[in-house]
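Trainee: Structure in structure tokens, see below.
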Amino acid sequence: ALSGVVNYVTAEGREALAEGVRKGLCEALKSCSDKPNQAFLISLLQLCSTEEQIPLLVEYTRDEYLADYAVRALISTPGSDKALLDLIAGSAEPNALLAYAAAERQLTEAEGTLLQWAAAAGDDATKEAVCNALGRCGTEASLKTLAAAAKAADYAFTPGDATSAYLQLVGR
């Protein structure tokens, strides 16, 4: 039923109705203590959230169970770039989920942190997420790191591929 209500109020021309639904979802989220239900509520809030809900979503990024839902909701929320950049800058260690967020929102401002993470990332999933983020939102400063990562991963450079040729050239 809640999904239907959220879908109804997020349809074109019904934006005025969404405010009450957002408020109700936020109140339900705060009063709920069951993690799966909280995750469901965050996923519904993701469909209609505004800048006003950003601080609440940021709170839930600190919860191991709910972090994925909260970050994905932030990615979908207009005006959340600063909050995502703050989370990225404040992360003590490389974080695949936040790298994914940087890639999805194409947060060029996160490049410095992502480059640090590329050097420190331990597991393959995190390295892959960080390299993907650098590929999507990095600048020329990321090219050497990406070329080195491709070489270390035994990337199959193909002679006729312009990207491969460029990465090989930069990696030298």
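Trainee: Of the residues Lys35, Lys23, Lys82, which single one is of a type in the set (Lys, Arg), without any contact (Cβ under 8 Å) to a residue 60 or more places away in the chain and touching a Phe, Trp or Tyr at 6+ places or on another chain (Cβ under 8 Å)?
Mentor: One residue alone meets the criteria, Lys35.
Trainee: Taking the options Ala119, Ala110, Ala101, name whichever one is small (Gly, Ala, Ser), at pLDDT 95 or above and either open to solvent by less than 70 Å² (accessible area, probe 1.4 Å) or in a helix (DSSP H, G or I) (or both).
Mentor: Only one candidate qualifies: Ala101.
Results for (1) among the hydrophobic types (A, V, I, L, M, F, W, C); (2) touching a His at 6+ places or on another chain (Cβ under 9 Å); (3) modelled with pLDDT of 80 or more; (4) closer than 18 Å to Leu97 by Cβ, shown as yes or no for each residue.
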site	(1), (2), (3), (4)
Leu114	yes, no, yes, yes
Ala129	yes, no, yes, yes
Leu134	yes, no, yes, yes
Cys137	yes, no, yes, yes
Glu140	no, no, yes, no
Ala148	yes, no, no, no
Pro159	no, no, no, no
Val170	yes, no, no, no
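Trainee: Among the candidates Tyr65, Tyr60, which residue alone is over 15 Å from Thr113 (Cα atoms), buried (at least 16 other Cβ atoms within 10 Å of the Cβ) and of a type in the set (Phe, Trp, Tyr)?
Mentor: Tyr60
Trainee: Return the residues of segment 70-82 that are under 11 Å from the mean Cα position of the chain (by Cα) and either open to solvent by 10 Å² or more (accessible area, probe 1.4 Å) or not β-branched (Val, Ile, Thr) (or both); say none if nothing qualifies.
Mentor: Across segment 70-82, the qualifying residues are Ala70, Arg72, Ala73, Leu74, Ile75, Ser76, Ser80, Asp81.
The values are calculated or read from the model by the stated rules, or taken from the named source; none is laboratory data. Everything numeric in this text was worked out from a predicted model, so none of it was measured. Neighbour counts run over all protein chains shown; Cβ positions are idealised from the backbone, glycine included. Heavy atoms of the whole protein, side chains included, go into the accessibility calculation; ligands, DNA and RNA do not. Shrake-Rupley method; radii C 1.70, N 1.55, O 1.52, S 1.80 Å.
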